[in-house]
Amino acid sequence: MAAVHGSNSYVSIDADVVGVYLDTASLDKMVETAETTAFADDDKEFIAGLRDSTLSIGGHWDATGDGFVADWDDGAVVECIVGPAGNAGASVKYTFNALITNYTIDMPVGGRVGFSASLQRTGATTRGTF
């Protein structure tokens with residue numbers, strides 16, 4: 001398996017290509033589990049439950065990027081497209097709808113103003129190619 005450099009990653013939210021503002025992005029995919037252990041069992045047992053995912057992003061803050069987030073945080077569902085290896089050719093992409101659940105602006109006295117945001121997937125994630 002060939003390694004991929006993170007600087008090639010592609011992130012689009014609500015049709016806004018936001019990669020120029022980001023220095024980190026993380027797509028977390030999870031599956032809930034339900035415990036089915038009975039009294040007589042010596043070990044815990046589980047069954048698979050519902051799938052879930054979140055997109056966490058962060059980077060440098062500026063007024064234009066902040067304007068994008070202002071458009072996303074009205075409670076409406078936004079489309080997210082994440083390409084871990086970029087958006088060229090037949091690169092893999094994950095497409096899903098999400099709600100913004102957190103937006104933080106960090107303003108340290110001795111550093112750059114940054115931001116972070118979390119988006120909660122609603123519905124299914126589609127894995128495809130560009």
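Points worth noting:
- The set of residues from region 4-51 being among the β-branched types (Val, Ile, Thr), surrounded by fewer than 12 Cβ atoms within 10 Å (Cβ to Cβ) and over 17 Å from the mean Cα position of the chain (by Cα) comprises Thr36, Thr37, Ile47.
- Restricting attention to region 91-108 and to residues that are in contact with an Asp or Glu (Cβ under 9 Å, 6 or more places away or on another chain) and among the aromatic types (Phe, Trp, Tyr), the residue that is nearest to Asp23 (Cα to Cα) turns out to be Tyr103.
- Applying the condition of being within 13 Å of Val11 (Cα to Cα) and among the β-branched types (Val, Ile, Thr) to region 63-83 and asking which residue is surrounded by the fewest Cβ atoms within 10 Å (Cβ to Cβ) yields Ile81.
- Contact map, region 59-87: first residue modelled with pLDDT of 90 or more and in a strand (DSSP E or B), second residue surrounded by 18 or more Cβ atoms within 10 Å (Cβ to Cβ) and basic (Lys, Arg), Cβ cut-off under 8 Å, separation 6 or more or different chains; pairs are Cys80/Arg121; Ile81/Lys93; Val82/Lys93; Gly83/Lys93.
- Qualifying residues in region 1-21 (those that are assigned to a loop (DSSP other than H, G, I, E, B) and more than 21 Å from Asp71 (Cα to Cα)) - the one modelled with the lowest pLDDT: Met1
- All conditions but one from (1) in contact with a strand residue (DSSP E or B) (Cβ under 7 Å, 6 or more places away or on another chain); (2) in a loop (DSSP other than H, G, I, E, B); (3) within 19 Å of Asp14 (Cβ to Cβ); (4) not basic (Lys, Arg) apply to Ala90; the one that does not is (3).
- Lone qualifier among Thr101, Thr54, Thr125, Thr95 - being over 23 Å from Gly6 (Cα atoms) and either surrounded by 15 or more Cβ atoms within 10 Å (Cβ to Cβ) or under 14 Å from the mean Cα position of the chain (by Cα) (or both): Thr101
- Sub-6 Å Cβ pairs linking a first residue in region 109-123 that is under 19 Å from Gly19 (Cα atoms) to a second residue that is part of a strand (DSSP E or B) and of a type in the set (D, E, K, R), at least 6 apart or interchain, are Gly114/Asp106, ordered by first then second residue.
- Cβ pairs under 6 Å, 6+ apart, first in region 22-47 and assigned to a loop (DSSP other than H, G, I, E, B), second at pLDDT below 95 and among the β-branched types (Val, Ile, Thr): none
- Gly86, sole failed condition from (1) exposed (fewer than 10 other Cβ atoms within 10 Å of the Cβ); (2) at positive phi: (1)
The values are calculated or read from the model by the stated rules, or taken from the named source; none is laboratory data. Remember, predicted model here, so these are calculated numbers, not experimental data. We place every Cβ from the backbone using ideal geometry, glycine too, and count neighbours over all the protein chains shown.
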